[in-house]
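Presented below is the structure to which this report refers.
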Amino acid sequence: MGISWEEYKEYKNSSVYSDNFEILLDFMKSYYGIRSVNQMFTVLNEDDTAKMMLSKREIKSAVDLEEYL
């Protein structure tokens, strides 16, 4: 499963969040229906752009992502 960045861009236009990572997390929950932190981390970690967002926030595991949320 990959992230549809075109859909993300459309979603971003109507988002109430200003931070791109917050928007991405909300998009993943809404568009893909992902509720599992493990699954979300796996998908984010497999995408180069999302991986950079994780790295910027020093999120290296699903546990780190859960703490961030």
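The set of residues in the stretch 1-42 being acidic (Asp, Glu) and more than 12 Å from the chain's Cα centre (by Cα) consists of Glu6, Glu7, Glu10.
I'd like the full set of residues that are without any contact (Cβ under 8 Å) to a residue 24 or more places away in the chain and either part of a helix (DSSP H, G or I) or under 24 Å from Val63 (Cα atoms) (or both), limited to the stretch 1-17. Write out each step before concluding.
As a first pass, look at the stretch 1-17 and keep what is without any contact (Cβ under 8 Å) to a residue 24 or more places away in the chain: 6, 8-17.
Hits for the stretch 1-17 are Glu6, Tyr8, Lys9, Glu10, Tyr11, Lys12, Asn13, Tyr17.
Of all residues in the stretch 46-69, count the ones that are closer than 12 Å to Gly2 by Cβ, assigned to a helix (DSSP H, G or I) and either of a type outside the set (Asp, Glu) or in contact (Cβ under 8 Å) with a residue 12 or more places away in the chain (or both). Don't jump to the end; show me each part of the working.
Filtering the stretch 46-69 down to residues closer than 12 Å to Gly2 by Cβ leaves 46-50.
Going one step further and asking which of them are assigned to a helix (DSSP H, G or I), we end up with 48-50.
Now restrict to residues that are either of a type outside the set (Asp, Glu) or in contact (Cβ under 8 Å) with a residue 12 or more places away in the chain (or both): 49-50.
Count: 2.
Here's a check for you: in the stretch 47-69, which residue that is of a type outside the set (Lys, Arg) and within 19 Å of Lys9 (Cα to Cα) is surrounded by the fewest Cβ atoms within 10 Å (Cβ to Cβ)?
Within the stretch 47-69, the subset of a type outside the set (Lys, Arg) is 47-50, 52-55, 58-59, 61-69.
Next, only the ones that are within 19 Å of Lys9 (Cα to Cα) stay: 47-50, 52-54.
On the way: Asp47: 16, Asp48: 7, Thr49: 12, Ala50: 22, Met52: 11, Met53: 16, Leu54: 20.
Among them, the one singled out is Asp48.
Screening Ile23 against (1) outside any helix (DSSP H, G or I); (2) at pLDDT 95 or above leaves a single unmet condition, (1). The conditions are (1) part of a helix (DSSP H, G or I); (2) touching an Asp or Glu at 6+ places or on another chain (Cβ under 6 Å), and Thr42 fails exactly one of them. Which is it? It is condition (2) that Thr42 fails. All conditions in (1) surrounded by 13 or more Cβ atoms within 10 Å (Cβ to Cβ); (2) of a type in the set (Ser, Thr, Tyr); (3) closer than 19 Å to Met1 by Cβ hold for Ser36, with the sole exception of (1).
The values are calculated or read from the model by the stated rules, or taken from the named source; none is laboratory data. What you see is a predicted model, and the numbers here were worked out from it, not measured in a lab. Because the Cβ atoms are built from the backbone with ideal geometry, glycine has one as well, and the counts that use them run over all protein chains shown.
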